[in-house]
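Laboratory data are not the source of any read-out in this text; all were calculated from the coordinates shown. Just so it is clear, the structure is predicted and the values come from calculations on it, not from any experiment. Glycine also receives a Cβ, built like all others from the backbone with ideal geometry; neighbour counts cover every protein chain displayed.
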Amino acid sequence: MEKISVLGINASPRKTGNSHFLLDHALQAAKALAPEHVTTQLYSTAGKLYKPCDSCDQCHQKLGYCRQTDDDFADLRDRWIAADAVIYSIPVYHMGVPGNFKNFLDRVGNSVVEG
């Protein structure tokens, strides 16, 4: 059996709290199912910057390229792509996800293009 990589994303702007606590337990449970076959990684968006998509359309013209490079987007995108499974732990703010993480979601869909 191959190793399965599970990425846990804590999308709360707080470093610790309920989202972090619950995600940590979920990742521990995933690892406990088959410790020799499952690797886990907890990633927190707290303190990170994800600039919003500004509809420049470069991601479509240059097959996934995003012109915004001076933020933390590429690091999380690369981890997201490399993972076999992703567990999100997201607090609900005003009927939606926190704005900073929404910026990541808006950009990741257009920047992940198979060539």
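Taking a cut-off of 25 Å between Cα atoms, list the lysines near LYS3, but don't count ones fewer than 8 places away on the same chain.
In chain and number order, the partners are LYS31.
Just to be sure I understand the model, the point goes 7 Å from the Cα along the line to the Cβ. What's the resulting ARG67 to LEU49 distance in nm?
1.8
Stretched out fully, how many nm does the piece from LYS3 to GLU36 gain, at 0.36 nm a residue minus the Cα gap? Display every interim value, and only then the final one.
Working: separation 33, 0.36 × 33 = 11.88 nm, distance 0.76 nm.
Between LYS3 and GLU36, full extension yields 11.1 nm more.
For the chain, with the dipole built from +1 on Lys and Arg beta-carbon atoms and -1 on Asp and Glu ones, taken about the Cα centre, which of LEU33, LEU105, GLY17 lies farthest toward the positive end?
It is GLY17, whose Cα lies furthest towards the positive end.
On a straight-distance basis, which lysines could pair with LYS102 in a cross-link, Cα separation under 16 angstrom, same-chain partners fewer than 8 positions away excluded?
LYS48, LYS51
Please list the non-local residues whose amide H lies under 5 Å from the amide H of THR39, H modeled 1.01 Å from N, same-chain partners needing a gap of 5 or more.
The answer is ILE4, SER5, VAL6.
Return the Rg/Rh ratio of the stretch 52-96 with Cα-based radii and a Kirkwood Rh.
Details: Rg = 13.5 Å, Rh = 12.9 Å.
With Rh from the inverse mean 1/r over Cα pairs, Rg/Rh is 1.04.
For the stretch 36-115, report the convex hull volume of the alpha-carbon atoms normalised per residue, in Å³, without decimals.
Values: hull volume 9.0 nm³, N = 80.
Taking the convex hull of the Cα positions in the stretch 36-115, it is 113 Å³ per residue.
Binning at 10 angstrom from zero up to the longest distance, how are the C-alpha pair distances of the stretch 1-58 distributed in percent?
Percent of pairs per bin, in order: 21, 37, 25, 15, 2.
What number, rounded to the nearest 500 deg cm²/dmol, is the helix-based mean residue ellipticity at 222 nm of the chain, given -39500 (n - 2.57) per DSSP H run of at least four residues and division by all its residues?
Working: 4 runs with 43 residues, N = 115.
It comes out at -11000 deg cm²/dmol, rounded to the nearest 500.
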